[in-house]
Amino acid sequence: MSTARKTRGSSLFVDCGRVRLHVLEYGAGERTLLLLPGITSPAATWEFVAERLAEEIRILTWDARGRGLSDHPETGYGVGHFAADLDALITALKLDRPAVLAHSMGARIAAYFGARRPERVGPQIIVDPPMMGPGRPPYASPMSAYIDELRKASAGELTLEELGRSWPSWDIERLRDRQQWLPTCSEAGVRESYIGLEQDDLVSSWRGLRPPLLLIRGADSPALSADDEAELRAANPDANYVSIAGAGHMVPYDNLEDFLGVVRRFLADSNGERKR
């Protein structure tokens, strides 16, 4: 962590029972949006999104357990564990039905939580949740790919050039963030989280979510295909669905301006509905 840049968000450490979670705060105002990144994305790596959205709404981006500056327990990385942390965080911070913006593994956590505790959250923006689960084909990125990259980063052997070949659409700041913050991810946590996603049924949770609800998919995503989106549409026709052109799984990294535009419009429309 000595080489990782200092974040511009304000750090909060929140006691959530068995773990202490780290949260980065941006902006201010009556409305709050919880931002939940993916399996190897500590909060700091989404600062470029949080800062832009904080122009309109208070943003709280969490380091999920086992990532960033949050506690790294030896075990307890199933989707249900993360959902319990989210519940405890909302209580500890005295949040009143915050909006949620969640990507990848974070999207799976948000869907699981929202289906079971709908009274706890407001509008939900679910971004490219991996369509992995019981009875489904293996995920596009095997667990070994995450572990190999994490080990190289932890050993100081993951170069910007190598990252650039893996993520050719990313700018140099995004590559540096990943190089510097990836070592703060627990290998045990990544392994157990990956297995947990394989055991969780996304469609069952998706069917139970209530509007206002938006699914954002990268049009070129290997994690959530057009056929997968069609399955989710059938499971929950009341949700809104948007595909972002020129984007893969890491949607805002590939097409930030279109992503922000979709998110802002949905939040503005949702806020208008709440006031009526």
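Where a number appears in this text, it was derived from the coordinates with a stated rule and is not lab data. Just so it is clear, the structure is predicted and the values come from calculations on it, not from any experiment. Glycine gets a Cβ as well: all are built from the backbone with ideal geometry, and neighbour counts include every protein chain shown.
Would a scan of segment 46-61 turn up a residue that is under 30 Å from Ser144 (Cβ atoms) and assigned to a loop (DSSP other than H, G, I, E, B)? Walk me through it before giving the result.
In the first step, residues of segment 46-61 are kept if they are under 30 Å from Ser144 (Cβ atoms); the result is 46-49, 61.
Imposing the further condition that a residue be assigned to a loop (DSSP other than H, G, I, E, B) reduces the set to none.
No: zero hits.
Which members of segment 26-77 meet the condition of being in contact with a Pro (Cβ under 6 Å, 6 or more places away or on another chain) and surrounded by fewer than 23 Cβ atoms within 10 Å (Cβ to Cβ)? Can you show your working first?
First, pick out the residues of segment 26-77 that are in contact with a Pro (Cβ under 6 Å, 6 or more places away or on another chain): 32, 34, 46, 49, 63, 67-68.
Thr32, the sole residue that qualifies.
Return the residue satisfying two criteria in turn: it lies in segment 224-249 and is in contact with a strand residue (DSSP E or B) (Cβ under 8 Å, 6 or more places away or on another chain) and of a type in the set (S, T, N, Q), and of such residues it is surrounded by the most Cβ atoms within 10 Å (Cβ to Cβ).
Asn236
Mind checking which residues of segment 144-159 are free of Cβ contacts under 8 Å to residues at least 60 places away in the same chain, in a helix (DSSP H, G or I) and either surrounded by 12 or more Cβ atoms within 10 Å (Cβ to Cβ) or acidic (Asp, Glu) (or both)? Before you say what the answer is, go through the steps one by one.
In the first step, residues of segment 144-159 are kept if they are free of Cβ contacts under 8 Å to residues at least 60 places away in the same chain; the result is 144-145, 147-148, 151-159.
Applying the additional criterion that residues be in a helix (DSSP H, G or I) yields 144-145, 147-148, 151-154.
Result: Ala145, Ile147, Asp148, Arg151, Lys152, Ala153, Ser154.
Taking only segment 173-225 into account, find how many residues are of a type in the set (A, V, I, L, M, F, W, C) and touching a helix residue (DSSP H, G or I) at 6+ places or on another chain (Cβ under 7 Å).
Let us first name the residues in segment 173-225 that are of a type in the set (A, V, I, L, M, F, W, C), namely 175, 181-182, 185, 188, 190, 195, 197, 202-203, 206, 209, 213-216, 219, 223-224.
Narrowing the set further to residues that are touching a helix residue (DSSP H, G or I) at 6+ places or on another chain (Cβ under 7 Å) leaves 175, 181-182, 185, 190, 197, 202-203, 206, 209, 214-216.
Within segment 173-225, residues that are of a type in the set (A, V, I, L, M, F, W, C) and touching a helix residue (DSSP H, G or I) at 6+ places or on another chain (Cβ under 7 Å) number 13.
Could you list all residues from segment 32-56 that are farther than 28 Å from Ser186 by Cβ and either in contact with a helix residue (DSSP H, G or I) (Cβ under 7 Å, 6 or more places away or on another chain) or β-branched (Val, Ile, Thr) (or both)?
Listed by number, the residues that qualify are Arg52, Glu56.
Given (1) touching a His at 6+ places or on another chain (Cβ under 8 Å); (2) surrounded by 17 or more Cβ atoms within 10 Å (Cβ to Cβ), where does Val263 come up short, assuming only one miss?
Condition not satisfied by Val263: (1).
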